[in-house]
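I have placed the structure first, in the form of structure tokens, so that the comments after it can refer back to it.
Read-outs throughout are calculated quantities, based only on the coordinates presented, and are distinct from any laboratory measurement. No experiment lies behind these values; they were computed from the predicted model shown. Backbone-built Cβ (ideal geometry, glycine too); neighbour counts: all protein chains shown.
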Amino acid sequence: MKATWLGHSVVKLEGSKTVLIDPFINGNSKCPVKLSELGHIDFVAVTHAHGDHLGDAYTICKMNDATFIGCAELADDAAKHGVKSVGLNIGGSWKCDNVAFNMVNAVHSSPIGCACGYVIYMDGKRVYHAGDTALTMDMKLIGAFFEPDLSFLPIGDKYTMGMLSAIKAVEYTKTKKVIPIHYNTFPGIEAKPDVFKEMVGSRAEVLLVRPGEVYEL
Ligand code: NI
Ligand code: MN
């Protein structure tokens with residue numbers, strides 16, 4: 001499976017299917033691609049309805065006839081916009097075409113429904129996308145059930161956990177690899193990923209990828 005961070009919280013997973021998470025493309029100063037350059041997308045999973053996460057989700061779904069995945073209320077909103085959608089809630093999972101979406105807790109706000117994270121299972125790999133969240137003890141459940149091969153964790157502070165909390169999140173989730181996200185996109189969420197890597201130390205491998213750089217998992 002290929003995993004590509006596209007800046008901020010945008011993540012593209014390419015395996016037997018293509019999954020896009022939190023597609024904030026237009027207006028994202030760190031995103032190296034345009035909507036027209038994303039390639040075919042099968043599923044768009046959104047963690048919550050803040051603009052820097054919901055982003056261009058509805059447009060991308062319509063362009064690709066892709067399935068939108070979000071919390072129940074947000075999925076209803078997507079449906080009202082003419083988007084094919086599936087609503088889940090925290091603790092639930094949904095499987096389609098051998099891709100499983102597990103919706104997990106996030107401690108954060110959302111203008112529509114609730115905020116969440118995802119553990120996505122595809123082609124034998126488990127990938128955790130934390131969305132926007134504080135550190136939460138529920139991350140221990142991710143360690144107990146999933147032990148992700150790769151996790152995308154916010155480190156920018158202010159709206160999400162910062163680096164110190166993210167180190168605990170690495171421990172709790174028992175993730176093998178980490179790509180830090182949600183930092184340096186706009187003022188107020190400055191962070192130093194190289195310092196984060198040093199602080200995480202031997203707990204997990206921190207991958208310092210540039211936006212758009214493809215990582216083969
Ligand atoms: Ni948010
Ligand atoms: Mn955010």
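Relative protection proxy for 162-168, 103-109, 77-83, from highest mean packing down: 103-109, 162-168, 77-83 (other beta-carbon atoms within 10 angstrom). Quick note on the range 66-217: its Rg to Rh ratio, both from C-alpha atoms and Rh being the Kirkwood radius, is 0.97. Helix-only arithmetic for the chain: the sum of -39500 (n - 2.57) across DSSP H runs with n ≥ 4, divided by the residue total, places the mean residue ellipticity at 222 nm at -5500 deg cm²/dmol.
For the range 146-217, the square roots a ≥ b ≥ c of the C-alpha gyration tensor eigenvalues yield an a/c of 1.5 or more together with a/b not exceeding b/c, which makes the shape oblate. When a/c is below 1.5 the answer is rounded, else prolate if a/b is larger than b/c, else oblate, so apply that to the range 36-125 with a ≥ b ≥ c taken from the square roots of the Cα gyration tensor eigenvalues. It comes out oblate by the Cα gyration axes. Dipole check for the range 62-121: with +1 at the C-beta of Lys and Arg, -1 at the C-beta of Asp and Glu, and the Cα centre as origin, the magnitude is about 60 Debye. Once you've got the Cα coordinates, tell me which of K125/K174; K95/K125; K17/K197; K12/K34 are over 23 Å apart. Over 23 Å apart, Cα to Cα: K17/K197. The fewest-to-most ranking of S9, S110, S29 by surrounding Cβ atoms within 10 Å reads S29, S110, S9.
Loop-located GluC sites (Glu not before Pro) in the range 99-198 (DSSP state not H, G, I, E or B) with no more than 16 neighbouring Cβ atoms inside 10 Å: E190.
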